[in-house]
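Everything on this sheet refers to the single structure shown next.
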Amino acid sequence: MYIAIEGIDTAGKSTQISALQNHFVNAVITKEPGATKIGKEIREMVLGAKAKSKRAEFLLFLADRAEHISEVIEPNLDKMIISDRSAVSGVAYALIQGEIDEKELVTFNNFATKGLYPKKVFLLRLTKEELEFRLSQKELDGIELRGSDYLLKIQDALIQATKLLKLELIEIDATASRDEITKKILDNIKDKEND
């Protein structure tokens, strides 16, 4: 099963992926962007805010996504795949920029992913207060420097993106305890395995 853990920066994605790895010891752990050789270079460009054009940034994400599907997802479809972000993030960022219409966003992503999307998308959702507290505790990257209002718009866009891509979304309160969040994710995965 291919699942994605989504959420804005500081939501706790890495923490949950580590916890899930303890439950699925043979799982393929991956991320977008940056899971492939080309993806690492693309991730540096995006996080360094090197692309001045929003369309260029979107196309960089798509290039990473196409490589990720081909190199990581397709060869491992018979295993548990846990991804830190997915096409959902790429669509969400593009939605906020507003330069590409929704229909085109879906078409471009269907092309890049060959129609392969996560079976379940888990969104770790933050309040504005908690987000601002967490941001104050770290050194910010290019995207985080855009501020909490921008990141909260992304959080809303993540929900919109899952609807556009017709994916199953499970929202989880990211301010809950680490163990509670892990339990909710595991319960949802088990439900899917029992279908």
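The values are calculated or read from the model by the stated rules, or taken from the named source; none is laboratory data. Predicted model only: the values in this text are computed from it and were never measured. Heads up, the Cβs are rebuilt from the backbone with ideal geometry, glycines too, and the neighbour counts pull from every protein chain shown.
If the requirement is being within 21 Å of residue 166 (Cα to Cα), out of contact with any Gly (no Cβ under 7 Å at 6 or more places or on another chain) and in contact (Cβ under 8 Å) with a residue 60 or more places away in the chain, which of these qualifies: 66, 11, 19, 4?
Values: 66 fails: in contact (Cβ under 8 Å) with a residue 60 or more places away in the chain; 11 fails: within 21 Å of residue 166 (Cα to Cα); 19 fails: within 21 Å of residue 166 (Cα to Cα).
Only one candidate passes the filter, namely 4.
Confirm whether residue 48 is farther than 19 Å from residue 170 by Cβ, at pLDDT below 95 and touching a Lys or Arg at 6+ places or on another chain (Cβ under 6 Å). It would help to see each step written out before you state the result.
Details: farther than 19 Å from residue 170 by Cβ: yes; at pLDDT below 95: yes; touching a Lys or Arg at 6+ places or on another chain (Cβ under 6 Å): no.
No; evaluated as a whole, the condition is false for this residue.
What number of residues in segment 1-58 are under 23 Å from residue 69 (Cα atoms) and among the polar types (S, T, N, Q)?
7
Does residue 155 meet the test of being touching a Gly at 6+ places or on another chain (Cβ under 8 Å), part of a helix (DSSP H, G or I) and either under 20 Å from residue 106 (Cα atoms) or of a type in the set (A, V, I, L, M, F, W, C) (or both)?
For residue 155, the condition - touching a Gly at 6+ places or on another chain (Cβ under 8 Å), part of a helix (DSSP H, G or I) and either under 20 Å from residue 106 (Cα atoms) or of a type in the set (A, V, I, L, M, F, W, C) (or both) - is met.
Can you tell me how many residues in segment 87-130 are crowded, with 22+ Cβ neighbours inside 10 Å, of a type in the set (A, V, I, L, M), in contact (Cβ under 8 Å) with a residue 60 or more places away in the chain and part of a helix (DSSP H, G or I)?
Total satisfying the criteria: 4.
Just the residues that are of a type in the set (A, V, I, L, M), in contact (Cβ under 8 Å) with a residue 40 or more places away in the chain and assigned to a helix (DSSP H, G or I), please, taken from segment 38-62. Write out each step before concluding.
Just the residues of segment 38-62 that are of a type in the set (A, V, I, L, M), to begin with: 38, 42, 45-47, 49, 51, 56, 59-60, 62.
In the following step, the residues that additionally are in contact (Cβ under 8 Å) with a residue 40 or more places away in the chain were identified as 46-47, 49, 62.
Result: 46, 47, 62.
Taking the options 142, 90, 147, name whichever one is on the phi > 0 side of the Ramachandran plot and modelled with pLDDT under 95. Please lay out each step first, then the result.
Numbers: 142 fails: on the phi > 0 side of the Ramachandran plot; 90 fails: on the phi > 0 side of the Ramachandran plot.
The match here is 147.
Within segment 153-182, which residues are in contact (Cβ under 8 Å) with a residue 60 or more places away in the chain and either surrounded by 17 or more Cβ atoms within 10 Å (Cβ to Cβ) or hydrophobic (A, V, I, L, M, F, W, C) (or both)?
154, 155, 157, 158, 161, 162, 164, 165, 167, 174, 181, 182 - these are the residues of segment 153-182 that are in contact (Cβ under 8 Å) with a residue 60 or more places away in the chain and either surrounded by 17 or more Cβ atoms within 10 Å (Cβ to Cβ) or hydrophobic (A, V, I, L, M, F, W, C) (or both).
Can you tell me which of (1) touching a helix residue (DSSP H, G or I) at 6+ places or on another chain (Cβ under 6 Å); (2) buried (at least 17 other Cβ atoms within 10 Å of the Cβ) is the one residue 185 doesn't meet?
Against the list (1) touching a helix residue (DSSP H, G or I) at 6+ places or on another chain (Cβ under 6 Å); (2) buried (at least 17 other Cβ atoms within 10 Å of the Cβ), residue 185 comes up short only on (1).
For residues in segment 29-58 being among the basic types (Lys, Arg) and more than 14 Å from residue 73 (Cβ to Cβ), which is surrounded by the most Cβ atoms within 10 Å (Cβ to Cβ)? So that I can check it myself, show each step before the final result.
Narrowing segment 29-58 to residues among the basic types (Lys, Arg): 31, 37, 40, 43, 50, 52, 54-55.
Checking which are more than 14 Å from residue 73 (Cβ to Cβ) leaves us with 37, 40, 43, 50, 52, 54-55.
Numbers: 37: 9, 40: 13, 43: 19, 50: 12, 52: 7, 54: 15, 55: 12.
In this case the residue turns out to be 43.
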